[in-house]
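Undergrad: Once you've had a glance at the structure underneath, I'll fire off some questions.
The values are calculated or read from the model by the stated rules, or taken from the named source; none is laboratory data. Since we're looking at a predicted model, the values are computed, not measured. No Cβ is skipped: glycine too gets one built from the backbone with ideal geometry, and neighbour counts run over all protein chains shown. For accessibility, only protein heavy atoms count, side chains too; no ligands or nucleic acids. Shrake-Rupley method; radii C 1.70, N 1.55, O 1.52, S 1.80 Å.
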Amino acid sequence: MFTLLRQENRKLMHHRVIQLFIPFIMIFQFIIAIYAAHYPQILTPYDAFVNNDYGFIPLLFLAITIGSTYLTNERQNGSLRALLYRSYSRTQVLVSKWLTILGLMIGLSGFSTLMSLGLKLSFFRRLPNYGTIWHTWGLNMLSTGLTLLFLMSVVLLLGTLFTSSTPAILTGIIGYFIVTIFNQLCFYLYAKVSWLK
């Protein structure tokens, strides 16, 4: 099983999309931080930092894309059949792929978080240290992580069911927007209706 995990990690890390994504997320978060520094009336530095410089948005779309195409591409290429002909069971192959993608998303989320902390120290040293800034930041990271985990589980499930990655990608993207709208609606209702609290 550990050999299979190592092979999957090596294969995923040499994937061209992953190699391009790391500089992309650095540039993306840097642009958001510069925008928040120059136009605080539109995007406050507090909101930019608390939302991790919006690094979760490209990370979410990468997770949906990788999660849905990783297994279906191997099924279409025939490389999945080659793995199954070896001494590995279907369960071992699926679990190793899922753990590899989960590890990649945790690693990229950690990288995005470190990038956001570095940008805070570089651009926003004078950011007001409200008593709740770290609490709000931590809750946002937890909420984003749970949303990502939920959508990834649905996308990976659909990726195993279908031979095409299109339904899994569409379900992941539509699911993200539905969860976001539902989340905003809940916050609105919590503010207006006291008994829901």
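Undergrad: What net charge is computed for the residues neighbouring THR113, neighbours being all others with C-beta under 11 Å from the C-beta of THR113, Lys and Arg scored +1, Asp and Glu -1?
TA: Numbers: positive: LYS120; negative: ASP53.
That sum, taken over residues with Cβ under 11 Å, equals 0.
Undergrad: Follow-up question, since we're still on this one. Can you work out the accessible area per residue across the stretch 105-197, with the rest of the protein chains kept in place, probe 1.4 Å, in square angstrom?
TA: That works out to 66 Å² for each residue.
Undergrad: Work out, in µm²/s and without decimals, the Stokes-Einstein translational diffusion coefficient of the stretch 1-51 at 37 °C, 0.692 mPa s, Rh from Kirkwood over C-alpha pairs.
TA: So the translational diffusion coefficient is about 247 µm²/s.
Undergrad: Around THR44, which amide H atoms from residues at least 5 apart in sequence, or from another chain, sit under 5 Å from its own amide H, with H modelled in the peptide plane?
TA: Those lying under 5 Å, H to H, from THR44: there are none.
Undergrad: Once the Cα gyration tensor of the stretch 149-197 is found, what semi-axes does its equivalent ellipsoid get, as square roots of 5 times the eigenvalues, in whole Å, sorted largest first?
TA: Listed largest to smallest, the semi-axes of the stretch 149-197 are 32, 9, 6 Å.
Undergrad: Around ILE32, what is the net charge, scoring Lys/Arg as +1 and Asp/Glu as -1 over all other residues with Cβ under 15 Å from its Cβ?
TA: Around ILE32, the charge tally is -1.
Undergrad: Round to the nearest 10 and give me the degree value, 0 to 90, for the angle of helix 166-192's Cα axis relative to the longest principal axis of the chain.
TA: With rounding to tens, the tilt is 30 degrees.
Undergrad: Could you give me the ³J(HN,Hα) list for the stretch 108-114, computed from phi with Karplus coefficients 6.51, -1.76, 1.60 and θ = phi - 60°, whole Hz, x at Gly and Pro?
TA: Those phi angles translate into 5, 5, x, 5, 5, 5, 5 Hz.
Undergrad: Ok, one more. Apply the Kirkwood formula to the chain: the hydrodynamic radius equals the inverse of the mean of 1/r over all pairs of different alpha-carbon atoms; give it in Å with one decimal. Kindly include the intermediate steps, with their values, before the conclusion.
TA: On the way: mean 1/r = 0.0538 Å⁻¹.
Here the Kirkwood hydrodynamic radius works out to 18.6 Å.
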